[in-house]
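Student: Mind looking over this structure? Questions follow.
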Amino acid sequence: MAERRGIGRFALAAVVLAASFVVTYLFFVRTYVGQIVDERAFVGASAQHDAVYKFMGMVLGNVPTVAVGGGILATLVIGLVTRRFRHLVVALGAGVVAVIAAELAKHVFLERAATGATDLLDNSFPSGHATVAAAAGFAVFVVSPSRWRPLAAIIGGAFAVLTGIGLVIEQWHRPSDVVAAFMLVAVCGCLGGIALLLWGVPEADPPARSLRVLWWVAGAGAIASAVAFVIIFITVQNHGSHLQIAYAGGGTAILSVGSAFAAAGNALFRRIS
């Protein structure tokens with residue numbers, strides 16, 4: 001009975017996340033207002049100091065290497081040392097599916113509408129770099145023993161969030177691209193949780209600790225992002241205005257979503273050994 005409830009929670013979360021991904025795409029990529037909100041955050045980020053810009057360029061250029069190489073190595077080491085082979089298969093499988101899905105969505109299935117909000121019409125939704133970063137964090141999180149999962153969630157979430165904000169600063173992606181990548185990885189993570197339960201992974205004793213502080217961070221970020229969104233929305237016809245507010249709103253949105261997903265993932269997996 002407990003296993004069925006666990007599968008139900010993961011399934012419900014996956015459906016909600018998939019629907020949120022679609023809504024995010026339809027608003028921020030297919031509508032004029034959504035593109036304006038995203039574009040102002042994108043342009044506002046370009047005004048960052050040159051030192052920060054150059055530093056983020058060096059860091060982001062190494063994200064695939066660090067995330068794929070370091071993430072896979074850490075996942076393999078933890079999985080093999082702790083003999084958690086089922087977790088290892090699920091962790092790597094979910095990451096591979098998420099990365100492939102992101103590339104197919106961006107280059108094959110999704111298109112950016114020509115609304116007149118911007119001249120940049122190439123679709124960048126969702127971000128491949130953010131997907132790789134989040135997938136690497138999730139893989140390490142899954143193979144970690146339950147008592148270490150809260151720490152893994154915090155470190156993996158921080159890595160994904162910093163990567164996402166850096167992608168906006170470096171002008172590689174808009175905020176919605178990053179948020180969508182997190183959603184995509186979260187969907188695959190939920191499917192991974194279902195796979196572990198169906199595979200008969202034992203229940204954690206004791207369950208992992210909760211991460212209330214991340215919920216507070218997510219809530220504060222959501223409020224700040226919502227305020228920025230309202231300001232941009234009511235001034236949507238004032239082209240080029242409130243760029244720094246838009247950038248701050250985009251950054252706090254990435255922080256909020258990343259923190260919420262780390263906390264929610266920890267809560268969903270807290271009873272899985």
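Readers should treat all values here as calculations from the given coordinates under stated rules, not as data from a laboratory. These numbers come from a predicted model, not from an experiment. Glycine also receives a Cβ, built like all others from the backbone with ideal geometry; neighbour counts cover every protein chain displayed.
Student: Name the most mobile residue of Thr163, Thr24, Thr82, meaning the one with the largest mean-square fluctuation, in a Gaussian network model of the chain with Cα contacts below 10 Å.
Tutor: Thr82
Student: Contour minus end-to-end for Val108 and Trp216, with contour as 0.36 nm per residue of separation and end-to-end as the Cα-Cα distance? Mind dumping the intermediate values first?
Tutor: Values: separation 108, 0.36 × 108 = 38.88 nm, distance 3.74 nm.
The span from Val108 to Trp216 would gain 35.1 nm if fully extended.
Student: Taking the alpha-carbon centroid of each part, what is the distance from region 96-170 to region 210-273 in angstrom?
Tutor: 15 Å
Student: Looking at the chain as a GNM with Cα springs under 10 Å, which of Ser259, Ser176, Ser241 has the largest mean-square fluctuation?
Tutor: Comparing Ser259, Ser176, Ser241 in the GNM, the peak value goes to Ser241.
Student: Select from Asn238, Val43, Ala101 the residue farthest towards the positive end of the dipole of the chain; place +1 on Cβ of Lys and Arg, -1 on Cβ of Asp and Glu, and compute about the Cα centre.
Tutor: Value: Ala101.
Student: Work out from phi, with θ = phi - 60° and the Karplus expression 6.51 cos²θ - 1.76 cosθ + 1.60, the ³J(HN,Hα) of each residue of region 73-87, listed in order in whole Hz, and give x for Gly and Pro.
Tutor: Along region 73-87, the couplings run 4, 4, 4, 5, 4, 5, x, 6, 5, 8, 6, 9, 5, 5, 4 Hz.
Student: Using 0.36 nm per residue of separation minus the Cα-Cα distance, give me the extension gain between Ile231 and Thr82 in nm, one decimal.
Tutor: Values: separation 149, 0.36 × 149 = 53.64 nm, distance 5.02 nm.
48.6 nm is the gain from fully extending Ile231 to Thr82.
Student: Moving on. Let me know the Kirkwood hydrodynamic radius for region 152-212, please, with Cα pairs as the basis and the value in Å to one decimal. Please report the intermediate quantities before stating the final value.
Tutor: On the way: mean 1/r = 0.0723 Å⁻¹.
After inverting the mean inverse Cα-Cα distance, the result is 13.8 Å.
Student: Connecting C-alpha atoms closer than 10 Å in a GNM of the chain, tell me which of Ala152, Ala102, Ala204 has the biggest fluctuation.
Tutor: Sorting by GNM fluctuation, first place goes to Ala204.
Student: If eta is 0.890 mPa s and T is 25 °C, what Stokes-Einstein diffusion coefficient results for region 174-273, Kirkwood Rh from Cα pairs, in µm²/s?
Tutor: On the way: Rh = 15.3 Å.
The diffusion coefficient I find is 160 µm²/s.
Student: At what distance in nm do the modelled label points of Leu12 and Ser241 sit from each other, each positioned 7 Å from its Cα along Cα→Cβ?
Tutor: Those two pseudo-labels are separated by 4.3 nm.
Student: May I pose another question? Tabulate in residue order the Karplus-calculated ³J(HN,Hα) for region 17-30, using 6.51 cos²θ - 1.76 cosθ + 1.60 with θ = phi - 60°, rounded to whole Hz; enter x for Gly and Pro.
Tutor: Coupling constants for region 17-30: 5, 4, 5, 5, 4, 5, 4, 4, 4, 4, 7, 7, 10, 10 Hz.
Student: Still on this model: Using a ≥ b ≥ c from the Cα gyration tensor of region 57-190 (square roots of the eigenvalues), is it rounded, prolate or oblate, where a/c under 1.5 gives rounded and otherwise the larger of a/b and b/c decides, a/b for prolate? Before the final figure, lay out each step's value.
Tutor: Numbers: a/c = 2.55, a/b = 1.94, b/c = 1.32.
Since a/c reaches 1.5 and a/b is larger than b/c, the shape of region 57-190 is classed as prolate.
Student: On C-alpha positions alone, give me the angle between the axis of helix 243-269 and the longest principal axis of the chain, in degrees, nearest 10.
Tutor: That works out to roughly 10 degrees.
Student: If you wrap a convex hull around the alpha carbons of region 2-269, what volume per residue comes out, as a whole number of Å³? Don't jump to the answer; show the numbers that get you there.
Tutor: Details: hull volume 31.2 nm³, N = 268.
So the per-residue Cα hull volume is 116 Å³.
Student: Between Ser46 and Leu151, how many nm apart are label points set 7 Å from Cα along the C-beta direction?
Tutor: So the label points at Ser46 and Leu151 sit 4.3 nm apart.
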